[in-house]
Amino acid sequence: MPTGTPVLATAAGTVVAAGDDATTAYGPQTNFYGNLVVLELDNNSGGSPLFVLYGHLSEVQVAVGQTVAAGDVLGLSGASGVADGPHLHFEVRVGENSYYTTRNPLLWLVPLPGTGVVAGRVTGPNGEPLYEAPVTLVRIDAPAPYTATTTYANGEPNSDGVMNENFAVDDVVPGFYEAIVDAGDRRFTTELWVYPGRTNWVEIVVAP
């Protein structure tokens, strides 16, 4: 995302933070996101406040207390704060505006038209989540782009309170897939259908 790209509000809400984080730590430390905007959305999450954060902006164009509609310009993309290059850092926070209440934004954003989201859990035999395990989705019924991820690291992001997932992949082409987890010299698989416009669930248990 080149510097100066307009950053748009994903939904209607009220600006609760706008400016830099030089004195207030919105992340693990000050001067982390640089210029940022935080919205509290009009729609909550089952009664809990819902916030979205936009970080590393080159310019902020809204003020605290301002109400915005979906699609309104909040600022311009950049590389302020801790950033290797221009990009947008986007977070979803549930319950309070805290770095420690983040959720995976792939579960909150509508996927691209004609695609779906795959979320799930990779666990050991006792149900404990496996951290940073490689997950690959291979379409069986037709060609599809290479799709892979890893399960969450220990401690972040937080799983959704209802789904309790430990991985998610967005913009997946609909079809019949094999989900694969390689653990050492062993491979564990299961199959699933991916439907457009929805979150599709899968679970894989890695046995000893």
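The values are calculated or read from the model by the stated rules, or taken from the named source; none is laboratory data. Predicted, not measured: the structure shown is a model, and the values here were computed from it. Neighbour counts are summed over all protein chains in view; Cβ atoms, including those assigned to glycine, are modelled from backbone coordinates with ideal geometry.
Go through the range 95-122 and give me each residue that's β-branched (V, I, T) and at pLDDT 95 or above. Spell out the reasoning first.
Kept after step one, since they are β-branched (V, I, T), are these residues of the range 95-122: 101-102, 110, 115, 117-118, 122.
Result: T115, V117, V118, V122.
In the set (1) within 14 Å of the chain's Cα centre (by Cα); (2) free of Cβ contacts under 8 Å to residues at least 60 places away in the same chain; (3) within 16 Å of D170 (Cα to Cα), the condition left unmet by A153 is number (3). For the range 155-167, the set of residues classified as over 19 Å from V138 (Cβ atoms) and assigned to a strand (DSSP E or B) consists of E156, N158, listed by residue number. Scanning the range 19-64 for residues that are over 19 Å from the mean Cα position of the chain (by Cα) and among the hydroxyl-bearing types (S, T, Y) yields T23, T24, T30, S58. Residues in the range 1-26 that are surrounded by fewer than 19 Cβ atoms within 10 Å (Cβ to Cβ) and part of a loop (DSSP other than H, G, I, E, B): M1, P2, T3, G4, T5, A11, A12, A22, T23, T24, A25.
Can you tell me how many residues in the range 45-88 are small (G, A, S) and surrounded by fewer than 15 Cβ atoms within 10 Å (Cβ to Cβ)? So the answer is 9. Based on this model, can you work out whether A133 counts as more than 16 Å from the chain's Cα centre (by Cα), surrounded by 15 or more Cβ atoms within 10 Å (Cβ to Cβ), assigned by TED's automatic domain parsing to the domain that holds A179 and without any contact (Cβ under 8 Å) to a residue 40 or more places away in the chain? Judged against the criteria, A133 is not a match.
Only residues that are aliphatic (A, V, I, L, M) and surrounded by 15 or more Cβ atoms within 10 Å (Cβ to Cβ) were counted across the range 153-167, and they come to 1.
Pick from the range 27-46 the residues that are of a type outside the set (D, E) and in a strand (DSSP E or B): which of them is nearest to G81 (Cα to Cα)?
Restricting to residues being of a type outside the set (D, E) and in a strand (DSSP E or B), the top hit is N35.
Considering only residues in the range 168-208 that are small (G, A, S) and part of a strand (DSSP E or B), the one that is surrounded by the fewest Cβ atoms within 10 Å (Cβ to Cβ) turns out to be A183.
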